[in-house]
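The values are calculated or read from the model by the stated rules, or taken from the named source; none is laboratory data. Remember, it's a predicted structure, so these values are computed and weren't measured experimentally. Here the Cβ positions follow ideal geometry from the backbone for every residue, glycine too, while neighbour counts run over all protein chains shown. All accessible areas refer to the heavy atoms of the entire protein, side chains included, with ligands and DNA or RNA removed. Shrake-Rupley method; radii C 1.70, N 1.55, O 1.52, S 1.80 Å.
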Amino acid sequence: MLAPVVSKRYAEALFAAAQDARLVTEVESDLMALATGVREPAIAAALRNPTLDAKTQKATVLGAVDARLRTNLVRNVIALAIDRRRAEMLFSLADAYHRLALESRGEAEGVVESAKALSEAEMRDIEATLSKATGKRVRLQAHVRPELLGGLRATVGSLRYDSTAKTRLAELREKLLSARIEG
Amino acid sequence: MVDLRPAEVRSVLKKEIEGYQGKVGVESVGTVLQVGDGVARIYGLDNCQMSELLDFGNGVYGIALNLEEDSVGAVLLGSDEGIREGDTVRSTGRVISVPVGEALVGRVVDSLGRPIDGRGPVDLKDYMPIEGRAANVVEREPVKQPVQTGIKAVDAMIPIGRGQRELIIGDRQTGKTALIVDTFISQKNTGGGDPKNPDQVICVYVAVGQKQSTIKDVVVKLQENGALPYTIVVSAPAGAEASMQYIAPYAGVTMAEYFAFRGRHVVIAYDDLYKHALAYRQMSLLLRRPPGREAFPGDVFNLHSRLLERACKLSKRAHEFNPKQYKAGGGSITALPVVETQEGDVSAYIPTNVISITDGQIFLEADLFYSGVRPAVNVGISVSRVGGSAQVPVMKKVAGTIKLDLAQYRELAAFAQFGSDLDKATQRQLTRGERLVELLKQGQYRPVAVGEQIVTIYAGSTMGAFDDLPKSAVRGFEEHLLQVARTKYAELLKKLPTEKKLTEELEAQIKVCVEDAKKSFSSK
């Protein structure tokens, strides 16, 4: 439960350091490499194994990802996290950092779900509309979900824009069930 | 379950068709991270407010209570069955509210104002948030009108005023609920039991953590005695979710405020606040709030003080100061919180808290109860800090002597147990005291009107008219006296509660009445 809170703290510190060194995007891509690295079962197991000492753990992680790292900052974070017994946090560090980076660039990521696949032009149109509504440059990932029946549903952060037929039908159902004669 | 009528279906569909174009719902959503034991932890819901209503889907709602860095802690107002990790939670933008209005009177509802008495839906359009602002200093005025409980011991010695907060405290099975039921029944005298009559005091009974059977009992007793038509019962029984028990008193006082803010008088009983505190403790611990003394959370005092602060006597001009909130001035909410003690221990955490918040307390004692003194009010340690100024003037004068008589009796009774040789004066005090204790006994569901109370207490205390009767005849003579008073001196009974002062002339009239009764009683 605590991991997101901890990784957010480390991500904030790392982000500040990266900004000072003007390496924000490099660190971001390094963290992506780290995230794919630690997802491998062998490395994840090593990080979570309490019988291994810090030196071995560091060697295992760096051995797997060192070639792909372009900045020393990320190498230092890995070492620091392991020394402080916060290795668990490395699994969610990339996500936390990514959110910070997006925020600083005035961008937001979201999901758009629709019953049928959307065209390029439609996607751009929706992105533009949502960008205007949220005040951030929105990039959307598209998913096709036939169970929505029609319309579309876009989620950016915790904001949801919903015009799907499924929701409309659910609302109508509620209204019919609670209907009463007025007057 | 579903009972659709074609006309309604048509009107709903018509509205839907007319407004179909371009409708996009915007809402704030979150994801359930964890759910269990009636609480949920939710990720997302960025703009969630404190105590906002959250929609978990399938008709289950929750209240947001913990707003944390990256999650929201909420309690569920219903079963957590069917809610799964990863489910979407929608914020409603509304803080938790209950329906209010005239239609609630005479009904039994749950903490959310939904009827549970099987008498059809409650037709209400107005909603008020359950956490309201208590009236401030300028909007209030001192307590000055009485609430007649119809119980001799209380009305004479521990008078309660409209707008007062009087705690009813005692062990289990000492008659706490009975005292409330009697008080409610007695309110029929204010407006004939017609809730439409502006003089009728409205009663609200909030049952928190009570057995369903007890609640049913109260409802039946109120109904049998004609008190239900002007009473709202808010029921959060022992089996209800802790969250429902937690909000019940706030829901009840909100329903009461609707009337008080329109110039009406309301008596509200919270039965009981100890169980309320237990429900809140459960919620707080599950929400991982830090525990304090007896594992209650740090704000358990505020939990009750903010509730009881909403009891008020509103100024006649309250609606001029704050026209948005008050439709008319002069209304009141009298709060009768109940706290159950364990083995008479009033120095436990919750009892001391509530004692310090209220304007006095009525102690009910198991020993008295079992020795046959019912209502088992211990008049020695019961107090009313503000009720005195609200007492009927004549009653105040008459009750002054009974208080003194009883205090002296209690002192002497302790001594008299040891010695048998007592002087005349002491013996007289003891007889008087015994007769008065007997006189203050009263059957359940039989409230006595103020005028009648004054006559009996004057006869017993100032005149000592019971002193020469055997103890066993006291009840009989009291009944006879009231019978005589009702038939031959109805005018006097009617006059007594409204008189400003106990004049000699008035005293003479009471004396005539008592002596008349005495004569006919001894000849019987």
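Key figures
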quantity	calculated
A:ALA96 being in the same structural domain as A:GLN19 (by TED's automatic domain parsing), under 23 Å from the mean Cα position of the chain (by Cα) and of a type outside the set (S, T, N, Q)	yes
Odd one out for B:GLY150, checked against (1) on the phi > 0 side of the Ramachandran plot; (2) surrounded by fewer than 20 Cβ atoms within 10 Å (Cβ to Cβ)	(2)
Given (1) open to solvent by less than 80 Å² (accessible area, probe 1.4 Å); (2) at negative phi; (3) at pLDDT 90 or above; (4) not β-branched (Val, Ile, Thr), number of the condition B:TYR445 does not satisfy	(2)
B:LYS216 of a type outside the set (Gly, Ala, Ser), more than 26 Å from B:ILE158 (Cβ to Cβ) and open to solvent by 40 Å² or more (accessible area, probe 1.4 Å)	yes
B:ARG162 vs. criteria closer than 24 Å to B:SER356 by Cα, at pLDDT below 95, open to solvent by 10 Å² or more (accessible area, probe 1.4 Å) and not hydroxyl-bearing (Ser, Thr, Tyr)	no
Any hit, the stretch B:105-114, residues being surrounded by fewer than 23 Cβ atoms within 10 Å (Cβ to Cβ), free of Cβ contacts under 8 Å to residues at least 24 places away in the same chain, in contact with an Asp or Glu (Cβ under 6 Å, 6 or more places away or on another chain) and assigned by TED's automatic domain parsing to the domain that holds B:GLU257	no
Failed criterion for B:ALA7 (all others in (1) within 24 Å of A:TYR161 (Cβ to Cβ); (2) modelled with pLDDT under 85; (3) at the interface with another protein chain (Cβ under 8 Å from one of its Cβ atoms) hold)	(1)
Qualifying positions in the stretch B:194-230 - hydroxyl-bearing (Ser, Thr, Tyr) and out of contact with any Lys or Arg (no Cβ under 8 Å at 6 or more places or on another chain)	B:TYR205, B:SER213, B:THR214
Members of the stretch A:48-74 found to be under 24 Å from A:ALA18 (Cα atoms), modelled with pLDDT of 90 or more and open to solvent by 60 Å² or more (accessible area, probe 1.4 Å), listed by number	A:ALA59, A:ASN72
Those helices (runs of 4 or more DSSP H) lying entirely in the stretch B:357-472 with at least 2 residues of a type in the set (S, T, N, Q)	B:393-416, B:424-440, B:450-457
Subset of the stretch B:331-356 [open to solvent by 10 Å² or more (accessible area, probe 1.4 Å) and in a loop (DSSP other than H, G, I, E, B)]	B:GLN342, B:GLU343, B:GLY344, B:ASP345, B:VAL346, B:SER347, B:ALA348
Those helices (runs of 4 or more DSSP H) lying entirely in the stretch A:85-183 with at least 3 residues within 13 Å of chain B (Cβ to nearest Cβ) and open to solvent by 80 Å² or more (accessible area, probe 1.4 Å)	A:90-105, A:165-178
Strands (runs of 3 or more DSSP E) completely within the stretch B:10-119 that count 3 or more residues being facing chain A (nearest Cβ under 10 Å)	B:25-36, B:39-44, B:88-95
Verdict on B:GLU491 being touching a Phe, Trp or Tyr at 6+ places or on another chain (Cβ under 8 Å), in a helix (DSSP H, G or I) and free of Cβ contacts under 8 Å to residues at least 40 places away in the same chain	no
Answer from B:ALA413, B:ALA425, B:ALA407 - the residue that is free of Cβ contacts under 8 Å to residues at least 12 places away in the same chain, surrounded by fewer than 16 Cβ atoms within 10 Å (Cβ to Cβ) and not acidic (Asp, Glu)	B:ALA425
Out of B:GLN173, B:GLN210, sole residue that is assigned to a loop (DSSP other than H, G, I, E, B), crowded, with 18+ Cβ neighbours inside 10 Å and not assigned by TED's automatic domain parsing to the domain that holds B:GLY443	B:GLN210
Filtered residues of the stretch B:17-43 (kept if open to solvent by 20 Å² or more (accessible area, probe 1.4 Å), at pLDDT 75 or above and more than 39 Å from the chain's Cα centre (by Cα))	B:ILE17, B:GLU18, B:GLY25, B:VAL26, B:GLU27, B:THR31, B:LEU33, B:TYR43
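This table checks each residue for (1) touching a residue at least 40 places away in the same chain (Cβ under 8 Å); (2) not basic (Lys, Arg).
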residue	(1), (2)
B:TYR127	no, yes
B:ILE130	yes, yes
B:ALA135	yes, yes
B:ARG140	yes, no
B:PRO146	yes, yes
B:ILE151	yes, yes
B:PRO159	yes, yes
B:GLY163	yes, yes
